[in-house]
Every structure is written in structure tokens, then in C-alpha cells.
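Read through the structure below, which is laid out as C-alpha cells, and then see the notes.
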Amino acid sequence: MTERTIELDEHRGMLAQKATEIRRLVADVEVEAIELSLRQGGLESHLVAVYAMTWHDAAEKARYLLGLFASTPAAQDPRRQRLIANVLEDFARLSRAAEEDSTKP
């Protein structure tokens, strides 16, 4: 027996190494996609179950929905992209203003 670990990929051709790497990457992406889907489902269940208590909470829900819409083909129109960006900026600005107002005595 040897103390040294043998790297099997070193003994294979470059094409075989690349094919193995691609298979590993695809498997990783598939696992991550499943995990993301589960996390999104949990988040959406929570968002449906809980009422927004503040404008900031409502803006967070709307921000999430806009993010989903932004990834669809319908949102690829440049005007819609600008509109989405403007609304997200409005949410951020108004949320900051609301937080500042709530900290004033």
C-alpha cells in the first residue's frame, strides 16, 4: 500500500477528464436547482401566510414578485426593464424614508 492518494483523472485522456468535469458540474447544478426550488417554495408559502405589517414588508413582497417577473421573456422589453428598475429604486427610497421617519422622536 502507498501513503500517497492516486488521482485517477491524471491517468485518463484530456477529453475523458473534460467529460467527467462536465458531468460533475451538471450534477451540481441540478442539485442546486432542486434546493433553490425548495427554498423558493418555502419562501412563497411564508409570503402567502403572513400579512405585511408595514409598507416595507409589502415592498419586500412586491420586490420578490418583480424579480420573478424580471426573469420572464415578457420582462425583456427595455421599457419594462427600466420600469422594473425604477420601481425597485422607489421601494428602496421609500423604505429608507419610512425607516428614518420611524426613528424620529
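Could you state the principal axis extents of the C-alpha atoms in region 61-105, from the largest down, to the nearest angstrom?
47, 18, 7
Could you check how much of the accessible area of the chain is carbon and sulfur, as a whole percent, using a 1.4 Å probe?
62
Report, to the nearest 10°, how far helix 14-49 tilts away from the longest principal axis of the Cα atoms in the chain, using its own Cα long axis and a range of 0 to 90°.
It works out to around 30 degrees.
If you fit an axis through the alpha-carbon atoms of helix 78-103 and take the longest principal axis of the Cα set of the chain, what angle between them do you get, 0 to 90°, nearest 10?
Once rounded, one gets 60 degrees.
The values are calculated or read from the model by the stated rules, or taken from the named source; none is laboratory data. Since the model is a prediction, treat every value here as computed from it, not as a measurement. Protein only, heavy atoms only, side chains kept; ligands, DNA and RNA dropped before computing areas. Shrake-Rupley method; radii C 1.70, N 1.55, O 1.52, S 1.80 Å.
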